[in-house]
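The values are calculated or read from the model by the stated rules, or taken from the named source; none is laboratory data. Bear in mind that the values here come from a model prediction, so they are computed numbers and not experimental data. Reconstructed Cβ throughout: ideal geometry from the backbone, glycine too, with neighbour counts over all protein chains shown. The accessibility values were calculated without ligands, DNA or RNA, using every heavy atom of the protein model including side chains. Shrake-Rupley method; radii C 1.70, N 1.55, O 1.52, S 1.80 Å.
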Amino acid sequence: MTDPSHESPLTPIETLGWEGGVEGHLHMIDQTRLPIELVEIDCRDAETVWEAIQSLRVRGAPAIGIAAAYGVCVGIQNVLDADETRFYTRLEEVATYLATSRPTAVNLFWALERMKKTAWDARGRHSREIAEILLAEARQIHEEDRQMCRAIGRHGATLLADGQGVLTHCNAGGLATSDYGTALAVFFAAAESGKTLHIYADETRPLLQGARLTAWELQQRGIDVTLICDSMAAQVMREGRVQAVVTGADRIAANGDTANKIGTYSVALLAAAHDIPFYVAAPTSTFDPAIATGHEIPIEQRDPREITHGFGRQTAPEGIKVYNPAFDVTPARLITAIICEKGIIQPVSRERIAELVAIDNPPYHK
Ligand code: MRU
């Protein structure tokens, strides 16, 4: 792979892509190996795509959705010349299977529903032709995400002033999307418009997406970034080092309650206590109008060993009880504004969200 330090400062990272035609394959950066190694893996069957999503080789809500869309394309390669019944049976099987890889980010279900609808709309054609239409749809989802990142960056950058300190949690950057991110897009767009920001990146326990991915991405692209442990955010705010918080999202309920990486809710509470605006940056594919409030958002529970044996070293007593939710829900009342590609949602209310987002975002069937 190319060394990103040779790229122009704000060149987006190619997190994932498709090689070839309908019989081609998905390739992606293996994010579990960053920041030590920048290596790609190839996914040539649905099982490899499922494993890559489940084990966070590809992660971040938009990237998961795009990977799943391409996952459908690899999953149907064994029925390209099959009859209609076998083709659609396999399509449903692959989509249902990929939907079990992770439960919280709605982009996964959104992309799979979109792929299924595309296939059913093409009914009557030869299977190979439908597969071609599906590949074009996956590429379209990928391309739309690029545009969304750019628009989010443009809208979000207007909320930040030159010289500000900004805190972010987890990784909502180029690695989590097809372009230069959602939360990080705001920082990149601000930098492109000549503003200097000082970013504080929470390390993001237990899997360290902030330390391994956000710190790496920002450093590679010449943005001033300081890494802190999650537990330092309050002190950093009290010292007046940050004037805004920007995070991504995994699922936004109809009322604006937002699921994001575990620890986001604590950051939002701290921001409120210090009178600091708390912004969420997310594309419309992250909104779930079928869910009224955040109480209904399924929260992924992950392997206790991520806490007791993080990165290969035992750090807790054998047999200890562990609770490891991967996400939490920040209530809408703590969110100053949501930045999406269609504009800035402020105040964060059911009505304002419905006006901007819900109209052309149908409910998903999970
Ligand atoms: O478990 P992860 O690493 O997939 O969690 C990712 C996040 O919580 C991101 O903030 C979110 O998906 C937005 S990415 C643009």
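Rounding to the nearest 10 and keeping the result within 0 to 90°, find how far the Cα-based axis of helix 106-121 lies from the longest principal axis of the chain.
Value to nearest ten degrees: 20.
Where a ≥ b ≥ c are the square roots of the eigenvalues of the C-alpha gyration tensor, would you call region 113-160 rounded, which needs a/c under 1.5, or, failing that, prolate if a/b is larger than b/c, or oblate?
Verdict is prolate for region 113-160.
So, for region 203-268, what is the accessible surface per residue at a probe of 1.4 Å, expressed in square angstrom?
I get 33 Å² per residue for this part.
Give the percent of DSSP beta bridges with both residues in the chain that are antiparallel, rounded to the nearest 5.
DSSP beta bridges in the chain are roughly 50 percent antiparallel.
State whether region 152-357 is rounded, prolate or oblate according to the following rule on the C-alpha gyration tensor (a ≥ b ≥ c being the square roots of its eigenvalues): a/c under 1.5 gives rounded; otherwise a/b larger than b/c gives prolate, and the remaining case gives oblate.
Here region 152-357 falls in the oblate category.
If a/c stays under 1.5 just call it rounded; otherwise compare a/b with b/c (prolate if a/b is bigger, oblate if not). Do that for region 209-267, with a ≥ b ≥ c from the square roots of the Cα gyration tensor eigenvalues.
Since a/c reaches 1.5 but b/c is at least a/b, the shape of region 209-267 is classed as oblate.
Hey, can you find the accessible area per residue of region 272-366 for me, probe 1.4 Å, expressed in square angstrom?
52 Å²
Leaving out ligands, DNA and RNA, what percent of the accessible area of region 4-148 is carbon and sulfur, probe 1.4 Å?
50 percent
Please list, by residue number, everything in region 119-134 whose backbone N is under 14 Å from a paramagnetic label point 7 Å out along Cα→Cβ of residue 85.
none
Among 246, 225, what's the order by accessible area (1.4 angstrom probe), most exposed first?
225, 246
Counting helices only, and only those DSSP H runs with n ≥ 4, report the 222 nm mean residue ellipticity of the chain as the sum of -39,500 (n - 2.57) divided by its residues, in deg cm²/dmol to the nearest 500.
It lands at -11000 deg cm²/dmol.
Lys and Arg at +1, Asp and Glu at -1: add these up for the other residues within a Cβ distance under 11 Å of residue 259 and post the number.
Value of the local net charge: -4.
Lysine pairs in the chain with Cα distance under 22 Å, only those 8 or more apart or on different chains: how many are there?
Total qualifying Lys-Lys pairs in the chain comes to 4.
Roughly speaking, what is the centre-to-centre gap between region 68-106 and region 186-265 when only Cα atoms are used, to the nearest Å?
35 Å
In square angstrom, what is the accessible area per residue of region 4-148 with a 1.4 angstrom probe?
With all protein chains present, region 4-148 gives 40 Å² per residue.
Label point 7 Å out from residue 161 along Cα-to-Cβ: which residues of region 257-293 have amide N under 20 Å?
The answer is 271-280.
Cα axis of helix 84-98 to longest principal axis of the chain: angle in degrees, 0 to 90, nearest 10?
Once rounded, the angle reads 20 degrees.
Along the Cα-to-Cβ line of residue 239, 7 Å from the Cα, sits a label point; which residues in region 199-231 have backbone N less than 16 Å from it?
Correct set: 199-203, 225-231.
Give the share of C-alpha pairs in each 20 angstrom bin for the chain, from 0 to the last occupied bin, in whole percents, shortest bins first.
Binned Cα distances yield the sequence 31, 58, 11, 0.
Once neighbouring chains are kept in place and the probe is 1.4 Å, which whole percent of the accessible area of region 207-345 is contributed by carbon and sulfur?
Here it works out to 53 percent.
Between helix 127-157 and the chain, what is the angle of the helix's C-alpha long axis to the longest principal axis, kept within 0 to 90° and rounded to the nearest 10?
10 degrees
Within a Cβ distance under 11 Å of residue 322, other residues only, what is the Lys/Arg minus Asp/Glu net charge?
Its environment carries a net charge of +1.
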